[in-house]
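Trainee: Below: one structure in structure tokens.
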Amino acid sequence: MSEATTIGPNPSTLPQEFVRMDGAMPADATPSQGEGHLVEGLRERDPAALREIYDRFGRITFGFLLRALSDRGAAEDVQQQVFLEVWRRSDRFDPERGRLLTWVMTITRSRAIDHQRRRVPEPIDPQAAATTGDVWSVGAEGEIEALAEQWRMRGLLDRLPASESELLRLRFYGELTQSEIAAREEIPLGTVKTRMFNGLQRLREMIDEENGA
Amino acid sequence: MREARDQISSYLLGELDAAEATAFERRLDANPDLREDVERLRPVVSRLKALPAEIWEAPQPPPLAVPEGAEEPAREPGGGRSRPKRRLRLPTITLRPAPGAALAALLLAVGVAGGLLIGGNGGSQGYGTGATDLVLRRTGDGAPGARGDVFVGESKQRATVDVEGLEPNGSHAFYELWLLDDDGRMIALGSFRIGTDGRAKVELPIPVAPSRYQYFDISLQEDNGNPAHSGISVLRGPTSS
């Protein structure tokens, strides 16, 4: 499968290496493997569990950190801090209260905010310090929260079956209509519509699940 | 049922023509269950539409530094952190080549943000009993001959940074002095430039007690308006001798 970075948002410029969904598209795979073994692995101090969690969510947390911190070096450092914390504090994760993605993103968001608070130049005047801190906390933290939500959505997309997530990518990133997708991928329009509906429906269910609904 | 589902996605995606959309909305008015399905999915479509390109293009993350038993990483003699496989907490320590436009930067040092440039015949003065002379050592991929000292005055309110062997920062970068510690706390103390002779001697105010932090750190910063530590540390030393 080619990398998403080769995809252009303009349908007329979509490169041929764009992920194709052939007519013989495989049946929907299991969208998300269970998380129980990961949680158990963390608690047993198994680095393989951490690696798998990193494989699942590392791209999402790093993308979020890059945007939130606007500094690649800082993003790389905070990224490592986040997964060290995942490793160290795995006993605090309660599967009853949410999915791993939400927990990891909560840690990531918190560490990003901590980082930004520290990086505000330290004013010498204590009164100025208080003012600067207030300004930052009202504006930037709200933006970080919104950004984290967007990346959490990406995490949910990654849990969809490939046939559905790629179709959504073609529609919302590639800006192709369902008819254009059907023609491009050489699959019936009805199949595209069904998968589109199923993908949207599944996303909605995952959002509800993440929100504890 | 399938026909209705197909219509839902087409409707929410704005792919029905005017007549089809009107007809479908009439169906919604007559069928509360169908409307509920539509309204459940509408915010999902809205969120997907609002996702910026970068979300779809999620970048490749750096390799994971797997903790080995979650113990703390090894430290270099003198309090510095070794070049670990895992980089935890402290900024990345790499030195980018200085930009080529170094000729423009002939000043030995320019204090910024309250920093005070001290001339070549000056130097720290009045550091009597209680003053501290701290050694900064090269860290990361910095210039091989880089070294420096931080003189903290008796009052602990000002420090004089004396460095040599650093690469000229060029016109789009500068160096910055920090206080930081292992758990990532840090504050910026001030910025300065390095000219072609690689030296600078700068006096800077210290707004907090250095002992509250573990290291003095000098970073190379890009002039990009970002106040954050660049992650490119070139010199570092403990805050106590």
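Bear in mind these aren't lab numbers, they're just calculated from the coordinates by the rules spelled out. This is a predicted model, so every value here is computed, not measured. Note: ideal-geometry Cβ built from the backbone for every residue, glycine included; neighbour counts use all protein chains shown.
Trainee: Given N residues in segment A:74-117, what is Rg(Cα) / (2.2 N^0.38 Å)?
Mentor: 1.15
Trainee: For B:LEU134, list long-range residues whose amide hydrogen, built 1.01 Å from N in the peptide plane, is under 5 Å from its own amide hydrogen.
Mentor: B:VAL150, B:PHE151, B:VAL152
Trainee: Here's a follow-up. Would you mind classifying segment B:162-206 by shape? Square roots of the alpha carbon gyration tensor eigenvalues, ordered a ≥ b ≥ c; an a/c under 1.5 is rounded, otherwise it is prolate if a/b is larger than b/c and oblate if not.
Mentor: Judged from the Cα gyration tensor, segment B:162-206 comes out prolate (a/c at least 1.5, a/b above b/c).
Trainee: Which whole-Hz couplings ³J(HN,Hα) result when phi for each residue of segment A:94-99 is put into the Karplus expression 6.51 cos²θ - 1.76 cosθ + 1.60, θ = phi - 60°, listed in order with x for Gly and Pro?
Mentor: Along segment A:94-99, the couplings run 10, x, 5, 9, x, 7 Hz.
Trainee: Let me ask something else about it. Calculate the spin-label point distance for B:THR196 paired with A:GLU96, positioning each point 7 Å from the Cα along the beta-carbon direction, and give it in nanometres.
Mentor: Taking the two extended label points, one gets 7.2 nm.
Trainee: Right, another one. For segment A:166-213 and segment B:214-241, compute the distance between their C-alpha centroids and round to whole Å.
Mentor: Comparing the Cα centres of segment A:166-213 and segment B:214-241, I get a distance of 47 Å.
Trainee: Mind checking which aspartates and glutamates have their C-alpha under 13 Å from B:LYS201, skipping anything on the same chain fewer than 8 residues away?
Mentor: Candidates past the 8-residue exclusion: B:ASP149, B:ASP162, B:GLU164, B:GLU176.
Trainee: Whole-Hz Karplus ³J(HN,Hα) for segment B:49-65, in order, using 6.51 cos²θ - 1.76 cosθ + 1.60 and θ = phi - 60°, x for Gly and Pro?
Mentor: 3J(HN,Hα) across segment B:49-65, in whole Hz: 5, 7, 5, x, 4, 4, 5, 6, 9, 2, x, 6, x, x, x, 6, 8.
Trainee: Give me the distance in nm between label points sitting 7 Å out from Cα along the Cα-to-Cβ direction at A:ARG45 and B:GLU25, one decimal.
Mentor: 6.4
Trainee: Averaged over peptide B:229-235, how many Cβ atoms belonging to another chain are found within 10 Å of each residue's Cβ?
Mentor: Across the residues of B:229-235, the mean count of other-chain Cβ atoms within 10 Å is 3.
Trainee: In whole Å, how far is the Cα centre of segment A:73-104 from that of segment A:41-64?
Mentor: Taking the Cα centre of each part, segment A:73-104 and segment A:41-64 sit 8 Å apart.
Trainee: To continue, here is another question. So for the pair A:GLU186, A:GLU145, with labels modelled 7 Å out along Cα→Cβ, what separation do we get in nm?
Mentor: With each label placed 7 Å out from Cα toward Cβ, I get 5.0 nm.
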